[in-house]
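S.K.: Pasting a structure here, questions to come.
What follows draws every value from the coordinates through simple rules; no lab data is involved. None of the values given here were measured: they were computed from a predicted structure. Note that we place each Cβ from the backbone using ideal geometry, even for glycine, and neighbour counts take in every protein chain shown.
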Amino acid sequence: MQALVFDTRHGAWETTRGFEKREVPEPVIDEKQNPADADAVVIKVSYAGVCGSDRGIWTRTAFRDAILASVAAGDKTYRILGHEFFGEVADTGSRVSDIRVGDMATCESHVVCTACYQCQRGEQHVCTNEKILGISHDGGFAEYVKVPRHIVWVTDTAKIRPEVAAMQEPFGNAVHAASKVDLSGKNVAIFGLGPIGMFLTLVARGMGAASIIGVEPNPVAGEMARELGIDYVIPLRPAAKERPYAHDAAVTDEIMSITKGVGADVSFEMAGFNSSVNNCLFATRRGGDVILFGIKHGDFVLEDYNRLIVRGFTLHAVIGRQLWRTWETTRRLLQDPSNTIQEKMWNVILRQGQGTVMPITDYTPEAFEKKMTEHPKILLQF
């Protein structure tokens with residue numbers, strides 16, 4: 001089968017770029033060889049979404065250690081990439097009784113162990129022993145993918161179109177972030193309008209936010225957010241070279257002006273930059289909430305630690321999705337036509353498939369990189 005991979009035999013992590021398209025063995029259920037396959041599901045992939053994490057792997061700026069360690073510990077030299085996908089169940093193990101061949105399904109991207117301290121307490125999103133599809137477990141940039149049954153989520157394509165169904169995993173990130181506090185009647189600021197930030201504008205509106213302010217350096221993303229119905233978009237300048245961690249006073253002053261000197265009730269940090277975290281701390285009202293979602297490795301500087309304490313902020317760290325609470329909320333939001341969320345995801349973010357969907361047969365590194373440059377969100381079609 002065709003798949004997009006990183007292969008350690010074809011160049012070192014530090015000296016390569018992009019994804020390699022190659023033929024790899026199709027996954028099969030073989031319970032004699034592997035008894036755990038009794039609980040496995042094979043999905044024939046229809047669409048696979050390209051995430052910010054995939055872009056980081058493409059440029060070799062993210063997940064180096066996790067990918068290399070998992071490949072070294074396995075029995076092959078490559079990792080099949082991709083963690084957002086949707087398709088048709090092609091086969092199931094003998095112990096799988098609630099999922100049938102022909103069902104349409106997607107997956108939770110965190111392959112949780114179900115047995116650790118957190119999993120046993122309903123906190124699977126912070127599983128101690130998790131693997132991640134497309135990073136430490138073969139993923140969905142392939143014609144077929146084999147996964148354990150306990151991460152499979154069946155979807156009704158009569159209510160959620162397949163292209164949107166392929167984005168339930170990243171949309172769930174936005175749902176999880178938005179679920180940390182009650183957004184009804186709140187003034188919300190979103191720092192970073194990448195795909196998940198844009199999903200968050202839709203979720204926040206669907207959850208009753210009074211006004212939504214976006215902060216984004218990319219004018220194309222800013223214009224798309226306006227099409228989605230965001231109330232304000234504030235352009236962001238590059239971080240200052242002498243103090244790259246510092247907040248942008250022009251941005252936070254404008255947020256204070258929009259909110260009549262009060263500040264945002266809830267600020268979402270979706271980009272992962274040190275300056276963006278400090279922007280949140282300078283844009284949020286006293287007693288407000290700061291939701292931290294963006295991921296970056298290394299040390300961060302809090303520009304004014306005293307401000308964090310005396311203003312009584314509450315910080316929330318968000319990772320992944322809560323199983324299956326987030327997925328249930330995602331399904332409810334996407335299946336409700338009155339909120340127009342699914343409609344906007346298809347018409348605005350995916351442009352009805354115009355230029356945003358690439359058949360795997362058309363894949364070349366050059367064409368794929370061009371699409372990533374032109375569109376905030378793209379799908380591979382298998």
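S.K.: Go ahead and estimate [θ] at 222 nm for the chain from helices alone: -39,500 (n - 2.57) per DSSP H run with n ≥ 4, summed, over the residue count, rounded to 500.
M.R.: Details: 12 runs with 105 residues, N = 382.
About -7500 deg cm²/dmol.
S.K.: Considering only Asp39, Asp362, Asp265, give the residue with the highest GNM mean-square fluctuation for the chain, with springs between Cα atoms whenever their separation is below 10 Å.
M.R.: Its mean-square fluctuation being the largest, the pick is Asp362.
S.K.: Still on this structure, please answer the following. Restricted to Cα positions, what overall size does segment 105-249 have along the principal axes? Three whole-Å values, descending.
M.R.: 47, 43, 33
S.K.: What is the angle, in °, between the Cα long axis of helix 195-206 and the longest principal axis of the Cα atoms in the chain? Nearest 10 is fine, range 0 to 90.
M.R.: Value to nearest ten degrees: 70.
S.K.: Let me ask something else about it. Which of the listed residues, Val262, Phe191, Asn129, is farthest toward the dipole's positive end in the chain, when Lys, Arg count +1 and Asp, Glu count -1 at the beta-carbon?
M.R.: Val262
S.K.: State the antiparallel share, in %, of DSSP beta bridges confined to the chain, rounding to the nearest 5.
M.R.: The answer is about 55 percent antiparallel.
S.K.: Which whole-Hz ³J(HN,Hα) couplings does segment 349-360 yield from phi under the Karplus relation 6.51 cos²θ - 1.76 cosθ + 1.60, θ = phi - 60°, glycine and proline marked x?
M.R.: Each residue's phi maps through the Karplus curve to give 5, 9, 6, 6, x, 6, x, 9, 10, 10, x, 4 Hz.
S.K.: Name all residues of segment 117-150 having a backbone nitrogen under 15 Å from the label point set 7 Å from the Cα of Thr8 along its Cα→Cβ direction, giving them as ranges.
M.R.: Hits in segment 117-150 for Thr8 at 15 Å: 135-138.
S.K.: I need the fraction of alpha carbon pairs in segment 180-317 separated by more than 17 Å, rounded to a whole percent.
M.R.: Value for segment 180-317 (Cα pairs over 17 Å): 54 percent.
S.K.: Please compute the contact order of the chain in relative form: average sequence separation of alpha-carbon pairs under 8 Å and at least six residues apart, divided by the residue count, as a percent.
M.R.: Relative contact order comes out at 16 percent.
S.K.: Relative to the longest principal axis of the chain, what angle (0 to 90°, nearest 10) does the C-alpha long axis of helix 365-374 take?
M.R.: For helix 365-374, the angle is close to 30 degrees.
S.K.: A further question on this structure: Could you give each residue of segment 38-51 its phi-based ³J(HN,Hα) in whole Hz, using Karplus coefficients 6.51, -1.76, 1.60 with θ = phi - 60°, and x for Gly or Pro?
M.R.: 4, 10, 9, 9, 9, 10, 7, 6, 9, 9, 9, x, 9, 9
S.K.: To the nearest 10 degrees, how steep is helix 219-228 against the longest Cα principal axis of the chain, on a 0 to 90 scale?
M.R.: Rounded to the nearest ten degrees, it is 90.
S.K.: Identify which of Gly194, Gly288, Gly122 has the largest mean-square fluctuation in a Gaussian network model of the chain, with springs joining Cα atoms closer than 10 Å.
M.R.: Result: Gly122 has the largest fluctuation of those listed.
S.K.: For segment 180-317, what does the relative contact order come out to in percent, with C-alpha contacts under 8 Å and a separation of six or more?
M.R.: 22 percent
S.K.: Hey, another quick one. Using the alpha-carbon centroid of each, what span in Å lies between segment 123-198 and segment 316-382?
M.R.: Comparing the Cα centres of segment 123-198 and segment 316-382, I get a distance of 10 Å.
S.K.: Follow-up question, since we're still on this one. Which whole-number percent gives the relative contact order of segment 1-103, counting Cα pairs below 8 Å spaced six or more residues apart?
M.R.: 36 percent
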